Amino acid sequence: MTDDVLVTHDITKSFGALRANDGVSIDLKRGEVHAIIGPNGAGKSTLIAQICGGLAPDSGTVHFLDHDVTAETVRARARMGLARTFQISALAMEDTVLQNALLGALGAAGRSWRMMRNVLKDTYLCGEALAALERVGLADQAAARTAELSHGQRRQLEVAVALTLQPRAFVMDEPMAGLGSEGSKQLTALLDELRWQAPILLVEHDMDAVFALADRISVLVYGRIIATGTVDEIRADPVVREAYLGEEA
Amino acid sequence: MSREALVNSAALLLLVAVPVWALWADEPFTITLATRAVIFALAAAGLNIALGWGGMVSLGHAVYFGLGGYAMGVLAFHAQNYTPLMDWPFTITGTKSMPVIWLVAMISSAVAALVIGLLALRTSGVYFIMITLAFGQMVFFFAISWPTYGGEDGLSIYVRNSFPGLNTLVPIEFYGLCLSVLCVILFLNARLIRSPFGLALNAARQVPHRVETVGMNPTRLKLSALVISGAVTGLAGALFADLNRFVSPTMLSWQMSGEIMVFVIIGGVGRLFGPVVGACLFVLLEHFLGGVSEYWQVFLGLVLLGIVLFGHGGVVGMIAGRGRTHD
Ligand SMILES: Nc1ncnc2c1ncn2[C@@H]1O[C@H](COP(=O)(O)OP(=O)(O)O)[C@@H](O)[C@H]1O
Ligand SMILES: [Mg+2]
């Protein structure tokens, strides 16, 4: 087994005349946080959709845990341990926090066809769900309705749901989106711990978080990776400064 | 006890008390009325599984109601005529036994729901509604144009079917049977929504893409819910035909689908006792307003409008407040 958990090879995806991804090759190694940065519309979410299975690439392959998963469904990849968080929280708002966390545990355990047992009495599932909530600091909110959570708490819950999948890799699309600086700091600290559980492919606009967390950074502009390197290398790269970081300065 | 539990208990208590009073006061018509309400409640409880928890706006539940009715009609018709249902490749005879009829009603409705669901669940929103409606119309016109079982005129059954240990011809005994069936189904319904399946279904309605990314298939969850839903409404159809000792294409009409949906909306979508409260109110309104004016449905429309505009979650929601049944 190699060190690569997740690899995309030469992925291309067009929407009509628009090349949203143009020969994107990236990899995610054990224990690392690999950040993908780039301006809006660069094709980051498109890349994630192909990694997780929502979109099929026009050409190129996706490998996960040394399997070619290019033709696998979202579900199959999830069951292999590919845990995703969404740019816009995807939570069952009418349900409680615990029920949302249970959903992941349920999917991972493949118990969704049990129809007559009280899910709250399933000690295994509840144990998994509560452990995940504990991990993200939401255990005391377990009984709250998800709709009543603050935006920051919803982002944490989003991570908790991913955790219940017993992930082998995390794919996170802008987990800090909409968080204040305090919330960002908290979530950054959490992700910093999670990398030891499974490596994280992190799409993020919050540069403080990216520089704090990333072992490597890839820069995506107009569907192409223009640079990959350590934080220092990317910070020093003149092309990157011009194409992306420059516009922030 | 929560307020919703109080509402539910009150509804159950009334369903027991009113017919007992009617028996004592010798008002058999009240018992028939109550039976009608209980059977409608069962049909709506079926729809509630698809609509309330699965989020599937099916405007074709009359298909299952009618299939249940025709399952009863056809089986009893052959039994009373002593003709076999079919001769080849093996002989199937009719029956007057309710348990067998119920089983056939539920299986045929479940199969119909499976077929309709497989097609309709490829779409969503308005298209889903239109496809379920279209299927309903197809089955309706098929029933009208099939003369063997009465076509437009329907089928009359002379004697009510039998249930072991009961005299179903006695109104209160048949009522007790229907109420028991309703209670069993509601009990199973309550278990279902608290189960892992219920949790997943509930999430599939709200955030299907999330359900998918944790390794489950939201469409298959919904399809299963629709099949269960159809089977329950089919069971109600068999009982309804037995109540009237008559089945006709009216049971398959889109108006019937609409009425079943009205029961659920009046009572409360996604509330365990919503269909019960809704069906009882409907039957009461139908009885009392229907006596006052031919145009009672206009009043019904106003009541509905008020509920949809001002009472989220139907009558049960208005009394019991926010929060769905699973807590
Ligand atoms: N389903 C789609 N159909 C057509 N164009 C799309 C679709 N999804 C994304 N795009 C386009 O592809 C480009 C990349 O989008 P996206 O991957 O969402 O960028 P990012 O996440 O980096 O902001 C954008 O120009 C967007 O408008
Ligand atoms: Mg994006």
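Numbers at a glance
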item: Those strands (runs of 3 or more DSSP E) lying entirely in the stretch A:1-106 with at least 3 residues open to solvent by 10 Å² or more (accessible area, probe 1.4 Å) and either within 19 Å of A:Val203 (Cα to Cα) or away from every other protein chain (no Cβ under 14 Å) (or both); result: A:4-15, A:18-29, A:59-64
item: Residue within the stretch A:107-120 that is open to solvent by 60 Å² or more (accessible area, probe 1.4 Å), over 21 Å from A:Phe170 (Cβ atoms), within 14 Å of chain B (Cβ to nearest Cβ) and part of a helix (DSSP H, G or I) present; result: yes
item: Listing of helices (runs of 4 or more DSSP H) fully contained in the stretch A:167-249 that carry 1 or more residues being at pLDDT 90 or above and among the β-branched types (Val, Ile, Thr); result: A:181-194, A:207-213, A:231-236
item: Failed criterion for B:Leu243 (all others in (1) under 30 Å from B:Thr95 (Cβ atoms); (2) surrounded by 24 or more Cβ atoms within 10 Å (Cβ to Cβ) hold); result: (2)
item: Lone unmet requirement of (1) polar (S, T, N, Q); (2) more than 8 Å from every other protein chain (Cβ to nearest Cβ); (3) in contact with a strand residue (DSSP E or B) (Cβ under 9 Å, 6 or more places away or on another chain) for A:Thr123; result: (3)
item: Some residue of the stretch A:155-164 being touching a helix residue (DSSP H, G or I) at 6+ places or on another chain (Cβ under 7 Å), under 18 Å from A:Arg84 (Cβ atoms), within 16 Å of ligand 1 (Cβ to nearest atom) and open to solvent by less than 30 Å² (accessible area, probe 1.4 Å); result: no
item: Filter result for B:Leu6 (touching a His at 6+ places or on another chain (Cβ under 9 Å), modelled with pLDDT under 95 and more than 29 Å from B:Thr219 (Cβ to Cβ)); result: no
item: Residue check for B:Val63: out of contact with any strand residue (DSSP E or B) (no Cβ under 8 Å at 6 or more places or on another chain), in a loop (DSSP other than H, G, I, E, B) and closer than 30 Å to B:Met130 by Cα; result: no
item: Residue pairs meeting the criteria (Cβ under 9 Å; at least 6 apart or on separate chains; first touching a residue at least 60 places away in the same chain (Cβ under 8 Å), in the stretch A:173-198; second of a type in the set (Lys, Arg)); result: A:Asp173/A:Lys44; A:Asp173/A:Arg84; A:Glu174/A:Lys44; A:Pro175/A:Arg155; A:Ala177/A:Arg155; A:Ala198/A:Arg30; A:Ala198/A:Arg168
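The values are calculated or read from the model by the stated rules, or taken from the named source; none is laboratory data. Computed from a predicted structure; not experimentally measured. Note: ideal-geometry Cβ built from the backbone for every residue, glycine included; neighbour counts use all protein chains shown. The area values use the complete protein model at the heavy-atom level, side chains included, leaving out ligands, DNA and RNA. Shrake-Rupley method; radii C 1.70, N 1.55, O 1.52, S 1.80 Å.
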